[in-house]
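J.: My structure is below; once you've seen it, I'll send some questions.
Computed from the coordinates by the stated procedures, all read-outs in this text should not be read as laboratory data. As the structure is a computational prediction, the values presented were derived from the model and not from experiment. All Cβ positions, even for glycine, are placed from backbone atoms using ideal geometry, and neighbour counts span all protein chains on display.
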């Protein structure tokens, strides 16, 4: 069995540039890469680490990748949030046509009368701008079900507005 040796916290800083370059290649931004390296160092240095016939850089790169995977997994479980639009300001800017503002208000009123499953589909695709696959995933329904609900929601809104 290979001998165990302790990860030297003083030498870990020598690998910072290489880890940052690897993190930058794996992430979307410089800030995300910096956060990833910082989180990895915080986890690794939180307690003594024993290496078994392994170089420090290899261990740190594996820790970096595992930290990234953990972050992405946790992020995928969190709900996606967006800023709420104040109903009073939708379509009522000074440059907007007053008739258009009334129409927008009527459309939102018609949408609010829909059953929840139809309303959710319509809001996800037509208002939030999600693609059909994204909306189906976020609502937890098959894409065919989303398409059907969306068709029915649009049809009901059209009927409500034509009355």
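J.: Could you sort the peptides 8-15, 115-122, 141-148 by per-residue average Cβ neighbour count (10 Å cutoff), highest mean leading?
T.: Numbers: 8-15: 12.4, 115-122: 17.6, 141-148: 15.0.
Highest mean packing first, the order is 115-122, 141-148, 8-15.
J.: For segment 5-163, what does the relative contact order come out to in percent, with C-alpha contacts under 8 Å and a separation of six or more? Don't skip to the end; give the middle numbers.
T.: Values: 96 pairs, mean separation 26.3, N = 159.
Relative CO of segment 5-163 lands at 17 percent.
J.: Next up: Compute the relative contact order of segment 87-162 as a whole-number percentage, counting only Cα pairs closer than 8 Å that sit 6 or more residues apart in sequence.
T.: Numbers: 49 pairs, mean separation 23.9, N = 76.
Value for segment 87-162: 31 percent.
J.: Okay, next question. On a 0 to 90° scale, report how tilted helix 56-77 is relative to the longest principal axis of the chain, with both axes built from alpha carbons and the result rounded to the nearest 10.
T.: It is inclined by approximately 20 degrees.
J.: Let me know the volume per residue of the alpha-carbon convex hull for segment 4-77, in Å³. Walk me through the intermediate numbers first.
T.: Details: hull volume 6.4 nm³, N = 74.
About 86 Å³ per residue, rounded to a whole number.
J.: Right, next: Listed highest first by mean packing, meaning other Cβ atoms within 10 Å per residue, what order do 133-140, 70-77 come in? Each step should come with its number before you reach the end.
T.: Values: 133-140: 15.8, 70-77: 10.0.
Ranked by mean Cβ neighbours within 10 Å, highest first: 133-140, 70-77.
J.: Peptides 98-111, 55-68: what's the order by average Cβ count within 10 Å, highest mean first? Before the final figure, lay out each step's value.
T.: On the way: 98-111: 13.4, 55-68: 16.6.
Highest mean packing first, the order is 55-68, 98-111.
J.: Largest first, please: the extent of the C-alpha atoms of segment 87-162 along each principal axis, to the nearest Å.
T.: 41, 23, 14
J.: While we're on this one: What number does the chain give for Rg over Rh if you use C-alpha atoms and the Kirkwood radius? It would help to have the intermediate numbers written out before the result.
T.: Numbers: Rg = 25.7 Å, Rh = 20.4 Å.
Rounded to two decimals, Rg over Rh is 1.26.
J.: Given only helices, namely DSSP H runs of n ≥ 4 each adding -39500 (n - 2.57), what is the per-residue ellipticity at 222 nm of the chain, to the nearest 500 deg cm²/dmol?
T.: Values: 8 runs with 103 residues, N = 163.
It comes out at -20000 deg cm²/dmol, rounded to the nearest 500.
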